[in-house]
Each structure stands twice: as structure tokens, then as C-alpha cells.
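Structure record follows, encoded as C-alpha cells.
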Amino acid sequence: MSAKSEYTPPKVWTWDQESGGNWASINRPVSGATHEKDLPVGRHPFQLYSLATPNGVKVTIMFEELLERGEQRAEYDAHLIRISEGDQFSSGFVALNPNSKIPALLDRSGDKPVRVFESGAILLHLAEKFDAFLPSDPSRRPEMLSWLFWQMGATPYLGGGFGHFYAYAPEKFEYPINRFAMEVKRQLDVLDKRLAASKFLAGDDYTIADMAVFPWYGAMAKGLLYDAAEFLQVHEYENIIRWADEIYARPAVKRGRMVNRTFGEPETQLHERHDASDFETKTQDKIGGGAE
């Protein structure tokens, strides 16, 4: 569908609070807190404040993978941040992440609590702290970092670009959908060719680069994002699907995808996680019904 008329930008942009589609209520051109509210704090060394969007899932997968390896120092509390209700604009959350985006982490494992925000930074922080899911061969570390930062730079085209205009925009226009669909297809092709030559993104070993890319591009390849599998013909990317299936089957990934999840089948949701026993009431073999 083509636009009804050509848009001419004004000389000075002004904020139209009615624009923005599904997320209009939380989008604004200024930063900072809108209300006073402290964040809850649990008993574990790590306090995570998040929601099970793809960016949030990266970090809960990382925590569950660390615990799966027996790293008990990685115990964490995962507090739910309902972004549709503006929880990310509370004074407590803004103090932890001035950018008001999930996930945000408070690391209390050392002498002094430290904040970490941006999902890629959290993954790297935890990987270095526990010396885990980093390539053992230092010559492979740059490859891992390259794919980690590739994800951080590329995904806005998938989420804020394609996802917004295809799934969430109040009106559908041909140009932005086609433009971002083309870029997403190009990115999927980049990944597919890499995974044709390598078991995981950094080589033979599963790393934080895979944890970062999987919730976005793995979910897309498995048809779990934006109901766009047919539109983007994701079945073409056989190497991504092979890789995604292998990661999807990992027990820690199944648990991580549940944490802070508020959508999908009830048995796939664990709104907050404060102890490993919180998973016991859930049916693990039913995970995977909802979109990211």
C-alpha cells in the first residue's frame, strides 16, 4: 500500500503526543523520571530489572546458563518492569539506567554496588566476571566481540525499523516496510552464511554472541517475531534454523525465556524469578508458544 500523500517535513519538528501507534504512551522526546518510586531489592548478589523482550531474554539466558554450569555466585532476582505501564520511568529505574530501557542490572557481588545497562554490556560484564562463555582461544575473542557488537548495531533495523512499521505502526506504508524488510533479509543472509561455515558465531563454542543474537534473529528464523515468517520467507535460512534449534533446546535457554515473561501461554510465563524453585510449578516442555 502506498502513502496517500507525500509528507513534507516542517522547518521545526514538534512532538505530537497522539502519534506513535501501540507505544505512543511511553514514547517521548525527553529523558528522566516521571514519578518517584524505589525499585524492589531481593536477597541475591544480582538484581535484574527487565521484561522478556528479546533484549531482556539475552540476560536471563546468561544467568540461567551460568547457574546451569554450577556457578552459584550468579544467583539473581529478576524483577518485572512493565514498560507499557511506564515502570522504566520511575526514579529508581532511571537512577539505574538513565536511558530508561530494559534490561538494567545492579551488581552487588563486590564491595560496592555497580549499575550496568545495555544488554550487550551486561552480557560482557557477566562473562568477564565469571570467565564464562568467552572464547578460550584469545585469537577468537575479536570474532566473538564483532558478532556481539554486530547485533547491538544491526538489531534496531529489525526491531525499531521492520518490527515497528510492519507490526506496530498505526498505518502501513509500502516504502518503510520494503526498506526495512530488505535490510532484515540482508542481515539474515549475513548470519546464514556465517553459520554455514561455523557451528556458533565465534567458532565451535557457544558464547555470549550467540546469546545476544538468538533472541532476535533466532526467534525470527523460527517464526516467533512479528508474525512475519511467511512475509520474510525465513525458511530460506537453513543454517540459522539449525543453530537456533540447537540453542532453543538448551535447558537454560528454556528457563531464561520464561523469566519476566507476561505473554504467551500461562505455563511459559514466570513474571518474577527469585529462586530456582520458582520454575518448579511450570511445565518446561511446553515452552515456546509465544512470540518474543
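The values are calculated or read from the model by the stated rules, or taken from the named source; none is laboratory data. Because the structure is a prediction, the values reported are computed rather than measured. Note that we place each Cβ from the backbone using ideal geometry, even for glycine, and neighbour counts take in every protein chain shown.
Here Gly223, Gly218, Gly256 are screened, and the one residue that is touching a helix residue (DSSP H, G or I) at 6+ places or on another chain (Cβ under 6 Å) and surrounded by fewer than 19 Cβ atoms within 10 Å (Cβ to Cβ) is Gly223.
Restricting segment 109-133 to residues that are basic (Lys, Arg) and surrounded by fewer than 16 Cβ atoms within 10 Å (Cβ to Cβ), which is farthest from Val253 (Cα to Cα)?
Filtering first and then ranking leaves Lys112.
If you go through segment 85-103, how many residues are of a type in the set (Ser, Thr, Tyr) and in contact (Cβ under 8 Å) with a residue 60 or more places away in the chain? Outline the logic, then answer.
Taking segment 85-103 first, the residues of a type in the set (Ser, Thr, Tyr) are 90-91, 100.
Checking which are in contact (Cβ under 8 Å) with a residue 60 or more places away in the chain leaves us with 100.
Adding up the residues that qualify gives 1.
Conditions (1) modelled with pLDDT of 95 or more; (2) touching a strand residue (DSSP E or B) at 6+ places or on another chain (Cβ under 6 Å); (3) among the hydrophobic types (A, V, I, L, M, F, W, C); (4) over 26 Å from Ala181 (Cα atoms), marked per residue:
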{"residue": "Ala219", "(1), (2), (3), (4)": "yes, no, yes, no"}
{"residue": "Ile247", "(1), (2), (3), (4)": "yes, no, yes, no"}
{"residue": "Arg257", "(1), (2), (3), (4)": "yes, no, no, no"}
{"residue": "His271", "(1), (2), (3), (4)": "yes, yes, no, yes"}
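Here is the figure for segment 218-262: residues that are of a type outside the set (S, T, N, Q), more than 15 Å from the chain's Cα centre (by Cα) and outside any helix (DSSP H, G or I) total 7. Being within 24 Å of Asp210 (Cβ to Cβ), aliphatic (A, V, I, L, M), in a helix (DSSP H, G or I) and at pLDDT 95 or above holds for only one residue in Leu48, Leu123, Leu105, and it is Leu123.
Just to verify a result, which residue in segment 152-198, among those that are in a helix (DSSP H, G or I) and among the basic types (Lys, Arg), is nearest to Leu232 (Cα to Cα)? Steps first, answer last, please.
Of all residues in segment 152-198, those in a helix (DSSP H, G or I) come to 152-168, 174-197.
From the residues that got through so far, the ones that are among the basic types (Lys, Arg) too are 179, 185-186, 193-194.
Values: Arg179: 13, Lys185: 7, Arg186: 11, Lys193: 17, Arg194: 19 Å.
Among residues in segment 152-198 that are in a helix (DSSP H, G or I) and among the basic types (Lys, Arg), the one nearest to Leu232 (Cα to Cα) is Lys185.
Across segment 87-98, not a single residue is classified as surrounded by 22 or more Cβ atoms within 10 Å (Cβ to Cβ), out of contact with any Phe, Trp or Tyr (no Cβ under 8 Å at 6 or more places or on another chain) and closer than 23 Å to Ala244 by Cβ.
Could you pull out the residue among Gly56, Gly110 that is of a type in the set (Gly, Ala, Ser) and either assigned to a helix (DSSP H, G or I) or within 19 Å of the chain's Cα centre (by Cα) (or both)? First the steps, then the outcome.
On the way: Gly110 fails: either assigned to a helix (DSSP H, G or I) or within 19 Å of the chain's Cα centre (by Cα) (or both).
It is Gly56.
Exactly one residue out of Leu51, Leu67, Leu39, Leu106 is under 30 Å from Asp204 (Cβ atoms) and touching a residue at least 12 places away in the same chain (Cβ under 8 Å): that is Leu67.
Which of the residues spanning segment 199-213 are assigned to a helix (DSSP H, G or I) and either basic (Lys, Arg) or touching a Lys or Arg at 6+ places or on another chain (Cβ under 7 Å) (or both)? Steps first, answer last, please.
Within segment 199-213, the subset assigned to a helix (DSSP H, G or I) is 208-213.
Once the filter is applied, which keeps residues that are assigned to a helix (DSSP H, G or I) and either basic (Lys, Arg) or touching a Lys or Arg at 6+ places or on another chain (Cβ under 7 Å) (or both), segment 199-213 yields Met211, Ala212.
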